[in-house]
Amino acid sequence: VSINSCVEVDLTGQVCSESIGTRQISGSGGQLEFALGAYYSKGGKSFICLASTFKTKDGNIVSNLKPMLTPGAIVTTPRPVVHYLVTEYGKAILKGKSVWERADLIINLAAPQFRDDLIKDAQRMGMWKRSNKIV
């Protein structure tokens, strides 16, 4: 089992843990190696955890789950390696999921006030539509 945190995640499941845009804030700390080790271990589980939002210096609430990573953001863990993604709104198993399934699962982990905008962004980017939903 591996448990790592991150700064932001995009709707495809790419994980940024090292930068805010182009501003480096940490190193990878071996996140990819731990995630891969757990991912490929028999019965292994890898968790990437983050708060769904953060508060800016001026008091605005911003989502950490984004349509695309902030320009210049470093991809610490690529989307095919992300097994579980966790926020305070639950967990999603991303392993083996299609792009639209990932987008749908990640949107459901976002703070409720950001979900409609994320759906619109995903639709605009061609990765999500209501007809994809399994009823």
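The values are calculated or read from the model by the stated rules, or taken from the named source; none is laboratory data. A quick note: this is a predicted structure, and the numbers were derived from the prediction, not measured. Counting neighbours? That spans all protein chains shown, and the Cβs are built from the backbone with ideal geometry, glycine included. All accessible areas refer to the heavy atoms of the entire protein, side chains included, with ligands and DNA or RNA removed. Shrake-Rupley method; radii C 1.70, N 1.55, O 1.52, S 1.80 Å.
Heavy-atom accessible area per residue, the chain, 1.4 Å probe: how many Å²?
55 Å²
May I ask for the Kirkwood hydrodynamic radius of the chain, worked out over all distinct Cα pairs and given in angstroms to one decimal?
For the chain, inverting the mean 1/r across all distinct Cα pairs yields 15.0 Å.
Considering only protein heavy atoms and a 1.4 Å probe, what is the carbon-and-sulfur percentage of the accessible area of the chain?
55 percent
Give me the percent of DSSP beta bridges within the range 11-135 that run antiparallel, rounded to the nearest 5.
Of the beta bridges lying entirely in the range 11-135, close to 75 percent run antiparallel.
HN-Hα J couplings of the range 49-55 from phi, Karplus 6.51/-1.76/1.60, θ = phi - 60°, integer Hz, Gly and Pro as x?
Result, rounded to whole Hz: 10, 7, 6, 5, 9, 9, 9.
Quote the charge dipole size of the chain about the Cα centre in Debye, to the nearest 20; the model charges only the Cβ of Lys and Arg (+1) and of Asp and Glu (-1).
About 360 debye.
Suppose only helical runs count, i.e. DSSP H with n ≥ 4. What mean residue ellipticity at 222 nm does that imply for the chain under -39500 (n - 2.57) per run, divided by all residues and rounded to the nearest 500 deg cm²/dmol?
Using -39500 (n - 2.57) per qualifying helix, the result is -7500 deg cm²/dmol.
Return a whole-number percent for the relative contact order of the chain, with Cα pairs under 8 Å and 6 or more residues apart as the contact set.
Reported as a whole number, the value is 27 percent.
Name the long-range amide H neighbours of LEU11: under 5 Å, sequence gap of 5 or more, or other chain; modelled H, no Pro or chain starts.
Amide H neighbours of LEU11: LYS66, MET68.
Normalised by the number of residues in the range 1-43, what is the relative contact order in percent for Cα pairs under 8 Å and 6+ residues apart?
It comes to 32 percent, rounded to a whole number.
I want to check a number: in the range 11-135, how many lysine pairs have alpha carbons closer than 21 Å, given a sequence separation of 8 or more or different chains?
22
Restricting to Cα pairs below 8 Å that are 6+ residues apart, what does the relative contact order work out to for the range 45-92? Please round to a whole percent.
50 percent
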